[in-house]
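Here the structure is laid out as structure tokens; the discussion comes afterwards.
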Amino acid sequence: MTAAIPSIALVGNPNAGKSSLFNALTGARQKIANYPGVTVERKAGHASFADGRPLSLIDLPGTYSLTPASLDEAVTRDVILGRQAGEARPDALIVVLDAANLDNHLCFALELLALNVPTVIALNMVDLATRDGLTLDAERLSRDLGVPVVPTVAVRRRGLAELLAAVDGAIRTHQPRDAVAGPLNDSSLHQRARAIARAAIVSETPVRRWTQRVDNVVLHPLFGMIILLALMFVMFQAVYAWAAPPADALEGLVGTMQAWIVDHIPQNFLRDLVVEGLLAGVGAVVVFLPQILILFLFILLLEASGYMARAAFLMDGLMGKVGLSGRGFIPLLSSFACAVPGIMATRAIPDEKDRLTTILIAPLMTCSARLPVYALIIAAFIPNRGVGGTGIGLQGLVLFGLYIAGIVGALIVAFALRRTVAKGTGAGFMMEMPRYQMPRLRDIALGLWQRAWIFLRRAGTIIALTTIVLWLLLTFPKAPDGQSQVEYSVAGRIASGLEVAVAPIGFNHDIALALIPAMAAREVAVSAMATANAIDAGDDEEAMAATLGERLQGKWSLATALAFLAWFVFAPQCISTIAITRRETNGWKWPLFMVGYLFALAYVAAGITYWTAVAFGLG
Amino acid sequence: MTALLDRTPLGVMVRIARIDWTAMSDDEGRRLREFGLMEGCEVTPLHRGSIFSRDPLALTVGRMKVIIRARQAAAIEVEPA
């Protein structure tokens with residue numbers, strides 16, 4: 001052995017539990033989900049053998065064979081064969097097999113064994129196999145395959161030490177010889193796999209599977225769809241109902257901090273910067289943390305339980321009508337949290353035009369950054385009451401409507417794109433449906449913590465920086481007495497110029513002012529308005545005590561508020577999304593196309609909303 | 001007595017008699033085989049479509065549950081198991 005740290009790749013079929021095993025081995029902070037195609041990025045981590053020597057682990061995207069059908073599967077092949085640029089060929093492979101799905105997963109394992117790299121088999125999720133009435137003989141399997149086989153339960157950290165010991169042994173005792181020539185024929189490979197699997201199965205008790213009964217309801221053509229809609233509806237109602245107490249507490253905390261500083265520190269430039277700029281701006285965004293966490297809680301639970309693939313099944317019929325596939329549902333649902341991971345998840349879509357269309361409509365899914373904007377405007381302008389004596393809140397209903405508007409817009413745009421710029425043959429949809437699993441509290445908590453951290457880091461960097469710049473632009477030059485500081489400032493003058501362009505769709509000076517910094521990230525629109533209002537309020541304690549929503553209520557018409565909401569359903573105001581689209585489509589053509597069509601849609605949608613509302617006397 | 005998989009009743013196990021590989025792309029054909037769908041294997045169609053469409057089709061093959069489109073199922077001839 002050389003002194004270099006051995007590099008070991010985890011490889012296997014989708015849903016074999018590779019990511020869980022990777023997490024258990026490395027303790028890496030990483031998302032675990034239950035549908036094929038979650039692992040699209042290179043994920044590396046470190047672990048150590050029992051004697052303390054380090055090793056590095058790579059988690060490769062799940063695939064069925066060494067012949068890739070999509071971009072992420074190509075990564076797996078290239079790394080294993082040592083063709084991936086910047087990545088050394090792994091010294092050993094851990095082939096992860098789902099114990100309950102042995103005959104199928106063994107096909108890929110046999111293909112990998114033919115490469116003659118040091119290999120150890122992790123017979124994973126043996127607990128679930130037992131649940132399904134399956135008893136396996138790992139030693140028999142090991143004899144038939146000629147490599148060590150270690151039973152593991154990744155989520156319970158069982159078999160990990162044995163696995164690493166076996167890897168160590170495999171590297172030490174490996175005898176280099178030529179790989180078996182040529183790819184194996186599909187059907188002979190399958191026959192061998194099936195024979196080996198059959199030999200390894202000690203007993204197979206048919207267990208009446210409750211999961212099938214669940215699927216009979218969940219995948220029912222009508223009831224399944226109703227359940228899916230109900231789940232999404234509950235999710236968006238919960239975002240409102242559950243988040244209110246912690247959000248109020250956070251808002252109170254920010255107000256207390258501002259008041260304390262104003263009371264204890266004499267007025268100077270720095271104090272104003274902190275109180276009016278930093279605290280008003282960042283604070284206005286941070287109060288939405290509870291809502292964003294609740295949204296992610298639902299998405300993580302749906303992923304981890306295995307329901308997400310069911311939702312993809314149900315949605316495929318509808319998505320197929322506009323030229324997409326159920327595969328696109330997973331990236332699009334992720335886009336409800338954030339379009340950036342959503343667009344990255346499109347790498348699992350095999351058809352190129354299908355993938356491009358999915359990327360282009362991903363920003364129409366209402367991402368969590370829009371939530372602060374929607375939440376502020378809805379709380380200020382939509383009465384907090386039930387609808388027709390039911391328990392359904394009007395505010396939640398409006399929010400639900402905004403999500404639906406984005407989805408319907410996306411379907412129409414997809415339909416148009418697939419007949420024009422992204423023309424192609426009908427996309428296919430072939431996907432494995434994972435078994436139901438109880439989500440692990442620890443994984444969900446870890447996922448939520450990551451989201452909270454990403455959000456707070458954004459609040460602390462991009463949002464803090466833009467708020468400070470905006471505050472400076474709003475504060476200078478100083479307005480003479482009797483004139484509004486906000487109107488007189490540099491930012492105010494720029495906004496007045498922009499106002500000319502957006503006045504026809506009902507946008508006022510406040511909005512024009514918020515639109516420019518909101519290019520950095522949508523939620524900055526809220527902090528921009530908060531900062532401008534804080535400056536307007538100055539040291540007037542009463543004005544400062546009024547929430548931003550209350551202050552907007554006094555200044556905006558309902559028609560303007562509704563037009564502003566309609567704008568944000570479509571507007572591409574997020575630099576990260578534009579950047580990731582450029583990366584994923586290899587050029588500026590498609591991101592520019594995306595920005596262009598989204599701004600045009602936003603303008604038209606806001607206009608139509610405003611003019612309609614005015615016609616109904618809401619101006 | 002054969003039928004096409006996109007028309008067979010749900011919940012009844014059938015054996016794949018023949019697959020018309022020319023009716024689909026090479027990639028689709030390979031993915032079908034990777035799922036274990038090939039001549040001679042037994043499958044049970046379980047769920048078909050939603051209110052929107054007859055697409056897609058969920059079926060069990062071995063211990064695995066997979067989803068395919070009706071277009072591919074129409075290329076698969078099955079006989080009673």
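The values are calculated or read from the model by the stated rules, or taken from the named source; none is laboratory data. All of these numbers come straight from a predicted model, not from anything done at the bench. A quick note on method: Cβ atoms are made from the backbone with ideal geometry, for glycine too, and the neighbour counts reach across all protein chains shown. Accessible surface is based on the protein model in full, side chains and every heavy atom, while ligands, DNA and RNA are left aside. Shrake-Rupley method; radii C 1.70, N 1.55, O 1.52, S 1.80 Å.
Of note:
- B:THR22 more than 7 Å from chain A (Cβ to nearest Cβ), surrounded by fewer than 22 Cβ atoms within 10 Å (Cβ to Cβ) and touching a Ser or Thr at 6+ places or on another chain (Cβ under 6 Å): no
- Residues of segment A:435-467 that are touching a Leu at 6+ places or on another chain (Cβ under 8 Å), open to solvent by less than 50 Å² (accessible area, probe 1.4 Å) and closer than 30 Å to A:VAL254 by Cα: A:ILE444, A:GLY447, A:LEU448, A:ARG451, A:ALA452, A:PHE455, A:ALA464, A:THR467.
- Taking the criterion of being in a helix (DSSP H, G or I), farther than 22 Å from B:MET38 by Cβ and either open to solvent by less than 90 Å² (accessible area, probe 1.4 Å) or at pLDDT 85 or above (or both), the residues of segment A:167-211 that qualify are A:VAL167, A:ASP168, A:GLY169, A:ALA170, A:ILE171, A:ARG172, A:THR173, A:THR211.
- Sole residue being modelled with pLDDT of 80 or more, in contact with a Ser or Thr (Cβ under 6 Å, 6 or more places away or on another chain) and of a type in the set (Ser, Thr, Tyr), chosen from A:SER527, A:SER557: A:SER527
- Of the residues making up segment B:56-67, those that are within 7 Å of chain A (Cβ to nearest Cβ) and under 12 Å from the mean Cα position of the chain (by Cα) are B:PRO56, B:ALA58, B:LYS65, B:VAL66, B:ILE67.
- Counted residues, segment A:320-339 - those being open to solvent by 10 Å² or more (accessible area, probe 1.4 Å) and facing another protein chain (nearest Cβ under 9 Å): 2
- Matching residues in segment A:415-442 - criterion: being modelled with pLDDT of 85 or more, within 14 Å of chain B (Cβ to nearest Cβ) and more than 28 Å from A:ARG209 (Cβ to Cβ): A:PHE415
- Residues in segment A:78-122 that are out of contact with any His (no Cβ under 7 Å at 6 or more places or on another chain), within 14 Å of chain B (Cβ to nearest Cβ) and either closer than 21 Å to A:ARG209 by Cβ or assigned to a loop (DSSP other than H, G, I, E, B) (or both): A:ALA99, A:ALA100, A:ASN101, A:LEU102, A:ASP103, A:ASN104, A:HIS105.
- Residues located in segment A:566-587, provided they are open to solvent by 60 Å² or more (accessible area, probe 1.4 Å) and either more than 22 Å from A:ASP72 (Cα to Cα) or in contact (Cβ under 8 Å) with a residue 24 or more places away in the chain (or both): A:ILE575
- Search result, residues across segment A:543-567 that are closer than 15 Å to A:ASP510 by Cα and within 32 Å of the chain's Cα centre (by Cα): A:LEU548, A:GLY549, A:LEU552, A:THR560, A:ALA561, A:LEU562, A:ALA563, A:PHE564, A:LEU565, A:TRP567
- Selection status of A:LEU71, crowded, with 24+ Cβ neighbours inside 10 Å, farther than 21 Å from A:SER7 by Cβ and within 14 Å of chain B (Cβ to nearest Cβ): no
- Identification of helices (runs of 4 or more DSSP H) wholly contained in segment A:216-323 with 3 or more residues that are in contact (Cβ under 8 Å) with a residue 12 or more places away in the chain yields A:223-241, A:244-264, A:280-286, A:289-305, A:307-321.
- Scanning segment B:1-45 for residues that are closer than 28 Å to A:ASP351 by Cα and charged (D, E, K, R) yields B:ASP6, B:ARG7, B:ARG18, B:ASP20, B:ASP26, B:ASP27, B:GLU28, B:ARG30, B:ARG31, B:ARG33, B:GLU34, B:GLU39.
- Flag if B:THR8 is within 12 Å of chain A (Cβ to nearest Cβ), closer than 18 Å to A:LEU219 by Cβ and within 10 Å of the chain's Cα centre (by Cα): no
- Restricted to segment A:340-366, and to residues there that are in a helix (DSSP H, G or I) and surrounded by fewer than 24 Cβ atoms within 10 Å (Cβ to Cβ), the residue that is nearest to the other protein chains (Cβ to nearest Cβ) is A:GLU352.
- In segment A:219-262, residue farthest from A:MET433 (Cα to Cα) [restricted to those that are open to solvent by 60 Å² or more (accessible area, probe 1.4 Å) and among the β-branched types (Val, Ile, Thr)]: A:THR256
- When B:ARG30, B:ARG15, B:ARG71 are screened for being at the interface with chain A (Cβ under 9 Å from one of its Cβ atoms), in contact (Cβ under 8 Å) with a residue 40 or more places away in the chain and surrounded by fewer than 19 Cβ atoms within 10 Å (Cβ to Cβ), only B:ARG71 passes.
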